[in-house]
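Student: Right, I'll just put the structure down here and ask away after.
The values are calculated or read from the model by the stated rules, or taken from the named source; none is laboratory data. None of these values were measured; they are calculated from a predicted model. Glycine gets a Cβ as well: all are built from the backbone with ideal geometry, and neighbour counts include every protein chain shown.
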Amino acid sequence: MPETTAPVPTPETFSIKVLTRHSADCKHGGDSEYKKCNCRKTVYLYEHGKVRYISAKTRSWAKAEEFMRTLIDARDPVKKALRDIEDRERARAEADQAAHASKRKRFNAALDVWFDGLTKKSRSRTVQIASVVKKLKSWASEHGIEFLDQVQPEALYKWRGAWSVHAKNERDRMAPPTQNQYVSLMRRFFRWTVDADYLDKDPSRLMKRAKYDHEQTRPLTAQQFEQVLVATHKLDADRNQVLNVPEYGRDLRAIFLLQRWTGIRIIDALMLKRSAIKGGRMTLRTKKTKSWIKNRKLPQVVLDALTGIPLEQDHVRPAYYFWSRTCSDADNLSTIWAEHIRDLNAYLDLRDDEGEQMELRSHMLRDTFAVELLLSGMPIENVSKLLTHDDINTTQKHYAPWVKSREEKLAVELENALEGMGAEFAD
């Protein structure tokens, strides 16, 4: 800009204003403070005894004034102090963010660390816990979750609500008892992530256990039981013989027949020693109540099923029918076989009295044994002893409806018998 247009410096230590740098053909070329022309704008700055012209990089007077205000603010000691504070806070936040990023734990890696660090006692449930780990990894992958801190409580809560016996997604298909086992294990994992300083808060805190009748009685009809036996054959027909998968269908058939005709719990069937069967009779001590079952006679169909299990099997301990060599703890047995029963359910279409599909569980065979005895007329006191219940109230609690059915059946039989003797009854 020509020196003739520059303002004369004053004795002040600081002075600043917007000026226009007119083009050669601008008719307002003689007025450097003219605002409305389209010529380039600049900022005159007098500071520390020196004059500077700083381009505003605009042809707008208003924008040039905004630029000038930034220069003024930059020299305001109060605003400069505030900016310094903001810069320090920003730097601290960026440092914290960088530290947090370096501390972030990948979801799958955290699961692996947790699983690998389980105690020996916890490892008695290894198969079940491994299943939980698998389900969590599958769910995280489906939802694009890479890091632990991406897991939101509402997401886990929504997933928990999708669990059902009839869920479309096989991963979410679970009976209420299984749901509660998975809730407990998942909450255990997420509490551990907080203790390990991977997370500040437990995202599983909204997950709730299912409310249900823990020992809901569901006996099988004769037709349903036959359907179960047929399904065991189908399971073995589809097994992968190339990988030498054991004949779990054959073994399940023997277990179910044993439960159906003796009423023992599945854990007692799985722990059954070959030496417990002598002369067609069974003697064992139950694991849960420590009660003895002595010389209980077994139907031939049960004996045949047990005899059909080879003595020498690579995956089973020699002294037992079903106890796996790889299973060191008896408590883990039922968990392992629960997986096989879940596999069998893919071949079943069991329906309850309302026509709703129901999942086969091993306890149904024990229920079938008890209910059939009650309906045949056996006193509930005797059924309670055969079930090795500690208290008859336990038996009455779960089998009272069938006691009533038996009484109604007896009432009808009495009425028919009396009519046969010539008695007449008012309608």
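Student: Given the criterion in a helix (DSSP H, G or I), closer than 28 Å to Val371 by Cα and at pLDDT 90 or above, identify the matching residue among Gln223, Gln179. If you could, list the steps in order and put the result at the bottom.
Tutor: On the way: Gln179 fails: at pLDDT 90 or above.
On inspection, the qualifying residue turns out to be Gln223.
Student: Going through Ile293, Ile336 one at a time, which residue ends up being touching a residue at least 60 places away in the same chain (Cβ under 8 Å), touching a Ser or Thr at 6+ places or on another chain (Cβ under 9 Å), crowded, with 16+ Cβ neighbours inside 10 Å and part of a strand (DSSP E or B)? Outline the logic, then answer.
Tutor: Numbers: Ile336 fails: part of a strand (DSSP E or B).
Exactly one residue qualifies, and that residue is Ile293.
Student: Next question, about the same structure. I need a count of the residues in the stretch 378-427 that are part of a helix (DSSP H, G or I) and either at pLDDT below 80 or within 36 Å of the chain's Cα centre (by Cα) (or both). Working first, answer last.
Tutor: Taking the stretch 378-427 and keeping what is part of a helix (DSSP H, G or I), we get 380-386, 392-420.
Restricting the remaining residues to those that are either at pLDDT below 80 or within 36 Å of the chain's Cα centre (by Cα) (or both) gives 393-413.
Residues in the stretch 378-427 being part of a helix (DSSP H, G or I) and either at pLDDT below 80 or within 36 Å of the chain's Cα centre (by Cα) (or both): 21 in total.
Student: Go through (1) charged (D, E, K, R); (2) at pLDDT 95 or above; (3) more than 15 Å from Phe369 (Cα to Cα); (4) buried (at least 16 other Cβ atoms within 10 Å of the Cβ) for Arg260 and report which single condition fails.
Tutor: It fails just one condition, (3).
Student: Okay, moving on. Just for the stretch 130-148: of the residues that are farther than 13 Å from Glu170 by Cβ and under 9 Å from the mean Cα position of the chain (by Cα), which one is surrounded by the most Cβ atoms within 10 Å (Cβ to Cβ)?
Tutor: Leu136
Student: Something else now. Taking interchain pairs and intrachain pairs at least six residues apart, which have beta carbon atoms under 9 angstrom, with the first residue in the stretch 387-406 and on the phi > 0 side of the Ramachandran plot and the second among the small types (Gly, Ala, Ser) and modelled with pLDDT of 70 or more?
Tutor: Thr388/Gly263; Thr388/Ser291
Student: Please specify each residue of the stretch 151-170 satisfying the condition of being surrounded by 15 or more Cβ atoms within 10 Å (Cβ to Cβ) and part of a helix (DSSP H, G or I). Full working, then the answer.
Tutor: The initial filter retains those residues of the stretch 151-170 that are surrounded by 15 or more Cβ atoms within 10 Å (Cβ to Cβ), namely 151, 153, 155-157, 159-160, 163-165.
Correct list: Pro153, Ala155, Leu156, Tyr157, Trp159, Arg160.
Student: Within the stretch 345-383, which residues are within 14 Å of Thr395 (Cβ to Cβ) and among the acidic types (Asp, Glu)?
Tutor: Asp367, Glu381
Student: Please find, among Ser362, Ser324, the residue that is of a type in the set (S, T, N, Q) and closer than 24 Å to Ala400 by Cβ.
Tutor: After ruling out the rest, the residue left standing is Ser362.
Student: I need the full set of residues from the stretch 30-54 which are farther than 18 Å from Phe14 by Cα and either charged (D, E, K, R) or modelled with pLDDT of 90 or more (or both), in order please. Let's see the steps before the verdict.
Tutor: As a first pass, look at the stretch 30-54 and keep what is farther than 18 Å from Phe14 by Cα: 30-41.
Passing the criteria: Asp31, Ser32, Glu33, Tyr34, Lys35, Lys36, Cys37, Asn38, Cys39, Arg40, Lys41.
Student: Restricting to the stretch 310-324, name every residue that is among the hydrophobic types (A, V, I, L, M, F, W, C) and either touching a residue at least 60 places away in the same chain (Cβ under 8 Å) or under 18 Å from Ile267 (Cβ atoms) (or both). Steps first, please.
Tutor: Of all residues in the stretch 310-324, those among the hydrophobic types (A, V, I, L, M, F, W, C) come to 311, 316, 319, 322-323.
Of everything in the stretch 310-324, those that are among the hydrophobic types (A, V, I, L, M, F, W, C) and either touching a residue at least 60 places away in the same chain (Cβ under 8 Å) or under 18 Å from Ile267 (Cβ atoms) (or both) turn out to be Val316, Ala319, Phe322, Trp323.
Student: Under 6 Å between Cβ atoms, which residue pairs at least 6 apart in sequence (or on different chains) link something in the stretch 242-264 that is more than 18 Å from Arg361 (Cβ to Cβ) and among the hydrophobic types (A, V, I, L, M, F, W, C) with a partner that is modelled with pLDDT under 95 and buried (at least 24 other Cβ atoms within 10 Å of the Cβ)?
Tutor: Pairs that qualify, where the first residue is more than 18 Å from Arg361 (Cβ to Cβ) and among the hydrophobic types (A, V, I, L, M, F, W, C) and the partner is modelled with pLDDT under 95 and buried (at least 24 other Cβ atoms within 10 Å of the Cβ): there are none.
Student: Going residue by residue through the stretch 310-320, is there one that turns out to be assigned to a loop (DSSP other than H, G, I, E, B), within 31 Å of the chain's Cα centre (by Cα) and of a type outside the set (Gly, Ala, Ser)?
Tutor: Kept after step one, since they are assigned to a loop (DSSP other than H, G, I, E, B), are these residues of the stretch 310-320: 310-315, 317-319.
If we keep only those that are within 31 Å of the chain's Cα centre (by Cα) too, we end up with 315.
Remaining after also requiring of a type outside the set (Gly, Ala, Ser): 315.
For the stretch 310-320, residues assigned to a loop (DSSP other than H, G, I, E, B), within 31 Å of the chain's Cα centre (by Cα) and of a type outside the set (Gly, Ala, Ser): present.
Student: While we're here: Can you name the number of the only condition in (1) at pLDDT 90 or above; (2) surrounded by 17 or more Cβ atoms within 10 Å (Cβ to Cβ); (3) under 30 Å from Arg325 (Cβ atoms) that Val127 fails?
Tutor: In the conditions (1) at pLDDT 90 or above; (2) surrounded by 17 or more Cβ atoms within 10 Å (Cβ to Cβ); (3) under 30 Å from Arg325 (Cβ atoms), Val127 misses (1) alone.
Student: Residues to consider are Glu226, Glu154; find the one that is more than 30 Å from Asp314 (Cα to Cα) and acidic (Asp, Glu). Let's see the steps before the verdict.
Tutor: Details: Glu226 fails: more than 30 Å from Asp314 (Cα to Cα).
After applying the criteria, what remains is Glu154.
Student: Hey, any hits in the stretch 60-71 for a residue that's acidic (Asp, Glu), modelled with pLDDT under 80 and out of contact with any Phe, Trp or Tyr (no Cβ under 9 Å at 6 or more places or on another chain)?
Tutor: For the stretch 60-71, residues acidic (Asp, Glu), modelled with pLDDT under 80 and out of contact with any Phe, Trp or Tyr (no Cβ under 9 Å at 6 or more places or on another chain): absent.
Student: Continuing with this model, one more query. Which one of Arg205, Arg265 is outside the structural domain of Ala346 (by TED's automatic domain parsing), at pLDDT 90 or above and either surrounded by fewer than 17 Cβ atoms within 10 Å (Cβ to Cβ) or of a type in the set (D, E, K, R) (or both)?
Tutor: Numbers: Arg265 fails: outside the structural domain of Ala346 (by TED's automatic domain parsing).
The conditions single out Arg205.
Student: Checking the structure you have, find out if any residue of the stretch 376-386 is closer than 15 Å to Phe256 by Cβ and either surrounded by fewer than 18 Cβ atoms within 10 Å (Cβ to Cβ) or in contact with a Leu (Cβ under 9 Å, 6 or more places away or on another chain) (or both). Let's see the steps before the verdict.
Tutor: Our first condition is that a residue be closer than 15 Å to Phe256 by Cβ; within the stretch 376-386, this holds for none.
So far as the stretch 376-386 goes, no, none of its residues is closer than 15 Å to Phe256 by Cβ and either surrounded by fewer than 18 Cβ atoms within 10 Å (Cβ to Cβ) or in contact with a Leu (Cβ under 9 Å, 6 or more places away or on another chain) (or both).
Student: What residue, of Ala222, Ala210, Ala231, is exposed (fewer than 13 other Cβ atoms within 10 Å of the Cβ), under 23 Å from Leu360 (Cα atoms) and of a type in the set (Gly, Ala, Ser)?
Tutor: Numbers: Ala210 fails: exposed (fewer than 13 other Cβ atoms within 10 Å of the Cβ); Ala231 fails: exposed (fewer than 13 other Cβ atoms within 10 Å of the Cβ).
So the residue among Ala222, Ala210, Ala231 that is exposed (fewer than 13 other Cβ atoms within 10 Å of the Cβ), under 23 Å from Leu360 (Cα atoms) and of a type in the set (Gly, Ala, Ser) is Ala222.
Student: Looking at Asp353 and the list (1) out of contact with any helix residue (DSSP H, G or I) (no Cβ under 7 Å at 6 or more places or on another chain); (2) surrounded by fewer than 18 Cβ atoms within 10 Å (Cβ to Cβ); (3) not in a loop (DSSP other than H, G, I, E, B), which single condition is not satisfied?
Tutor: Single failed check for Asp353: (3).
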